[in-house]
Amino acid sequence: MTRDSDLARVRYGAGLLALIVLLVVIPPALAAPPPDAWLEGYAAAVLERDLGLAVPSLRATEGVITLSAADLSGADRGRVLSTLRTIRGVTRVEIVEGPPPAPRTEGPAEPPRVLAEWQTGLLPGGTLFRPLIADPRWPHFAASYQRYPHDRQLGDVGAVSFGESLTLYRDRVASTWWEVGIQAGVFAVFDLDAASKDLVNADYLFGVPLSARAGDWSAIVRLFHQSSHLGDEFLLRTHPQRVNLSYESVDLRISREFGDVVRLYAGGGYLFDQDPASLQPWSIQYGAELISPWPGRDARWRPIAAVDLQHREQNDWSVDLSARVGIQFDGVLASRNLQLLIEYFRGRSPNGQFYTDKIEYLGLGAHFHF
C-alpha cells in the first residue's frame, strides 16, 4: 500500500469522523434554550460571585446580554465580557451607554446603542466579517451528501470541509473596528459509488484576512494560497489528465447588513503566480442572505436562505450559482451555530482539478460555524 493510499484513507476517515461529530452535536442544538429570566438571574449571580460586581441594569433577550456602562465604573470590562460569554446560552454581550435598559415588557423595546461588544487585543473571540453561507469555498466545518444527476464521472458524492477563520488581533479607530487573522481550510469530495469510496479531489487553502466593521458595514481583504490534489485511487481507476492547479490570490468583499434579517455583499478577486499560467486572473462575486425573524423572541432556531453568484474571466464570465436553504440553530456550544441546509449548485466545478467542468448537484449538508 502506497503512502498516498494511506493518506487518502486517513482523509476519508476524517470525513466520516466529522459527519459523526456533527450528528452528535445536533441533539444539543434541538434542546430548549434557557429562558431569559433564568439567564438574567444566573448571569447576575456569576458576576457577583466571581467579580464582586452588582449590575442592576443587566438584561437578557434571546441570549443577548445587555448591561449599562454606568454599572461598570472601575470594573475590568474585559473580564466582565469574558465571564459572561462563558455562560451557556449567551450568544452576545453588549455594553450600552446612556440610561440602563428598561425591564422587559410585552411590547417591543427600543434597541440599545452599542458602546462595546467586541473584545480587543490578542486572540479575541469572533470575526468582524461574518461567514458567507452559500460560498462553496468559505472555510468552515461541514459534511454534505451531493447528487450529480448529469455528470460524466460522479453520481453520489460525499463532500467535507475542515477549516475556520481565527482572529489574531483586534482594535478600533474611532467607531471602526479592524482585525487581522488567519484562515485555513481543506475541501474534499469522495466518490460514494466507488467500492472504496475514493477520494476524488482535495483543495487546500491558507490565507491572511484583514477585516473591518463600522455599524452594519463590514469588509474583508484576503491574501491566500490554494492548491488542488487528486486522490490516488481515483487516479489509478480513471487515469485522468492531471492539472497541477495552484495559485495565489487577493480578493475583497464588502457586506451590508439590514438589521439581523438581510445581508447583501459584493466583491472581486485577482489571481497571480497561477499554474497553469494560462489561467485568467479576474473574478467577481456577489450574493444575499436571509435570516428569518420568525419564530421570535425565545427561539434558538430559525429558517435561513442564501444565494452566492460568481463570475470568472476564465469562464467567459458565465455564472456559478450556489443556493442554500434550511434551518440555523443558534447557541450550539456557546456562541456557535449549526446549519442544516439543502444545497444546489450549477456552474463550473469549484473542485480544483475539475475547474473546467460544468456541473450541477443537489445536496443536503450540516455546516458548523465558530
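The values are calculated or read from the model by the stated rules, or taken from the named source; none is laboratory data. These numbers come from a predicted model, not from an experiment. Every residue, glycine among them, receives a Cβ derived from its backbone with ideal geometry; neighbour counts consider all protein chains shown.
Given the conditions (1) buried (at least 21 other Cβ atoms within 10 Å of the Cβ); (2) of a type in the set (Gly, Ala, Ser); (3) under 25 Å from Thr120 (Cα atoms), which single one is not true for Ala202?
The failed condition is (3).
Only one of these is at pLDDT below 95, aromatic (Phe, Trp, Tyr) and in a loop (DSSP other than H, G, I, E, B): Trp118, Trp138. Name it.
Only one candidate passes the filter, namely Trp118.
Within segment 262-346, which strands (runs of 3 or more DSSP E) (wholly inside it) include 1 or more residues that are hydroxyl-bearing (Ser, Thr, Tyr) and under 30 Å from Arg85 (Cβ atoms)?
In segment 262-346, 262-275 are the strands (runs of 3 or more DSSP E) which contain 1 or more residues that are hydroxyl-bearing (Ser, Thr, Tyr) and under 30 Å from Arg85 (Cβ atoms).
Please pick out the residue among Ser249, Ser228 that is modelled with pLDDT of 95 or more, touching a strand residue (DSSP E or B) at 6+ places or on another chain (Cβ under 9 Å) and either within 21 Å of Ala184 (Cβ to Cβ) or not in a helix (DSSP H, G or I) (or both).
Ser249
Being more than 28 Å from Leu205 (Cβ to Cβ), modelled with pLDDT of 80 or more and in a strand (DSSP E or B) narrows it down to one residue among Ile87, Ile95; which is it?
Ile95
Please list, ordered by first then second residue, the pairs with beta carbon atoms under 6 Å, 6 or more apart or interchain, first in segment 311-326 and within 14 Å of Gln285 (Cβ to Cβ), second among the acidic types (Asp, Glu).
Qualifying pairs under 6 Å: Ser322/Asp308.
With the checklist (1) more than 20 Å from Gln226 (Cβ to Cβ); (2) touching a Ser or Thr at 6+ places or on another chain (Cβ under 8 Å); (3) not in a strand (DSSP E or B) in hand, flag the one item Arg170 doesn't pass.
With (1) more than 20 Å from Gln226 (Cβ to Cβ); (2) touching a Ser or Thr at 6+ places or on another chain (Cβ under 8 Å); (3) not in a strand (DSSP E or B) applied to Arg170, the lone miss is (3).
State yes or no: is Leu290 surrounded by 20 or more Cβ atoms within 10 Å (Cβ to Cβ), closer than 30 Å to Asp36 by Cα and at pLDDT 95 or above?
no
Go through Gln241, Gln226 for me and flag whichever is in the same structural domain as Arg152 (by TED's automatic domain parsing) and without any contact (Cβ under 8 Å) to a residue 24 or more places away in the chain.
Exactly one of Gln241, Gln226 is in the same structural domain as Arg152 (by TED's automatic domain parsing) and without any contact (Cβ under 8 Å) to a residue 24 or more places away in the chain, namely Gln241.
Return the residues of segment 41-80 that are modelled with pLDDT under 85 and in contact with a strand residue (DSSP E or B) (Cβ under 6 Å, 6 or more places away or on another chain); say none if nothing qualifies.
Residue satisfying the conditions is Gly63 alone.
Pairs under 9 Å by beta carbon, first residue in contact (Cβ under 8 Å) with a residue 12 or more places away in the chain and within 21 Å of Ala299 (Cβ to Cβ) in segment 33-62, partner of a type in the set (Lys, Arg) and buried (at least 18 other Cβ atoms within 10 Å of the Cβ), six or more apart or different chains?
Pro33/Arg300; Asp36/Arg59; Glu40/Arg59; Glu62/Arg300
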